[in-house]
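**Student:** Quick one: structure below, then a few questions.
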Amino acid sequence: MMLLGVEAAALTIVVYIAPGRAALAVHVFVVVVAAEVLGAFSIALTRSLRPAEPSVFEQGLRHSKPRLERVAQLVRLENEVALARQSAWDLHARLVPTFREVAGGILASRHGVSLERDSARASALLGPDAWSLARPDRPIPERRHDPGVDAATLDRALTSLEGLC
């Protein structure tokens, strides 16, 4: 487009020198100008499709701390607790086996007590809330959709387990 002035001057000179060829000169002028316009549009389109430099804000986001992956076992435990608080069946089928496994491991390794063989001693060490979750003879809930364990009971049971460590 910047050469449009040069092309217009060339058109004027050609029309002045060879007036009989003015129509041909105008056609050539139009083709050259159209080619320049198409070239300018293609350059503009190419530049618009090329990724621009990221802004300072985007650069700051890229250099943020990497997101830490959550430990799969922790996510599973969180889900078990959430479900166990909502339904008696989920408490019985999901959280109680995990709680029993952890409590049995702590009792066996730290105190030499078995949940199944030394249930009286295990009950005394665990306390009532933890024992109600860990006891081997825990009955299957009759009404599956009843609420599961409340937060206070679960907190006391976990505090009891922590005290055994």
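**Student:** Within segment 59-105, which residues are within 25 Å of D137 (Cα to Cα) and among the polar types (S, T, N, Q)?
**Tutor:** N79, Q86, S87, T98
**Student:** Still on this structure, please answer the following. Would you confirm whether any residue within segment 109-128 is closer than 16 Å to R85 by Cα, free of Cβ contacts under 8 Å to residues at least 40 places away in the same chain and assigned by TED's automatic domain parsing to the domain that holds N79?
**Tutor:** There is no residue in segment 109-128 that is closer than 16 Å to R85 by Cα, free of Cβ contacts under 8 Å to residues at least 40 places away in the same chain and assigned by TED's automatic domain parsing to the domain that holds N79.
**Student:** Does segment 46-57 contain at least one residue that is in contact (Cβ under 8 Å) with a residue 12 or more places away in the chain and farther than 21 Å from W131 by Cβ?
**Tutor:** No, segment 46-57 contains no residue that is in contact (Cβ under 8 Å) with a residue 12 or more places away in the chain and farther than 21 Å from W131 by Cβ.
**Student:** Just name the residue that is surrounded by the most Cβ atoms within 10 Å (Cβ to Cβ) out of those in segment 139-160 that are among the aliphatic types (A, V, I, L, M) and in contact (Cβ under 8 Å) with a residue 60 or more places away in the chain.
**Tutor:** My answer is V149.
**Student:** May I ask you to list pairs of residues, at least six apart or on different chains, whose Cβ atoms are under 7 Å apart, with the first in segment 1-29 being in the same structural domain as I43 (by TED's automatic domain parsing) and over 26 Å from A40 (Cβ atoms) and the second being in a helix (DSSP H, G or I) and at pLDDT 80 or above?
**Tutor:** From residues that are in the same structural domain as I43 (by TED's automatic domain parsing) and over 26 Å from A40 (Cβ atoms), the pairs are R21/V14; A22/V15.
**Student:** State which residue is surrounded by the most Cβ atoms within 10 Å (Cβ to Cβ) when the search covers only segment 120-138 and only residues that are of a type in the set (G, A, S) and farther than 12 Å from A103 by Cβ.
**Tutor:** Checked segment 120-138; the qualifying residue surrounded by the most Cβ atoms within 10 Å (Cβ to Cβ) is A124.
**Student:** What about S132, is it more than 16 Å from L91 (Cβ to Cβ) and of a type outside the set (A, V, I, L, M, F, W, C)?
**Tutor:** In short, no.
**Student:** To continue, here is another question. Filter segment 107-165 for residues that are hydroxyl-bearing (S, T, Y) and not in a loop (DSSP other than H, G, I, E, B) and give the result.
**Tutor:** S109, S119, S123, S132, T153, T159, S160, listed by residue number.
**Student:** Taking the criterion of being over 26 Å from the mean Cα position of the chain (by Cα), outside any helix (DSSP H, G or I) and at pLDDT 85 or above, would at least one residue in segment 46-66 satisfy it?
**Tutor:** For segment 46-66, residues over 26 Å from the mean Cα position of the chain (by Cα), outside any helix (DSSP H, G or I) and at pLDDT 85 or above: absent.
The values are calculated or read from the model by the stated rules, or taken from the named source; none is laboratory data. Since this is a predicted model, take the numbers as computed values, not measurements. Please note: Cβ atoms are built from the backbone with ideal geometry, for glycine as well, and neighbour counts cover all protein chains shown.
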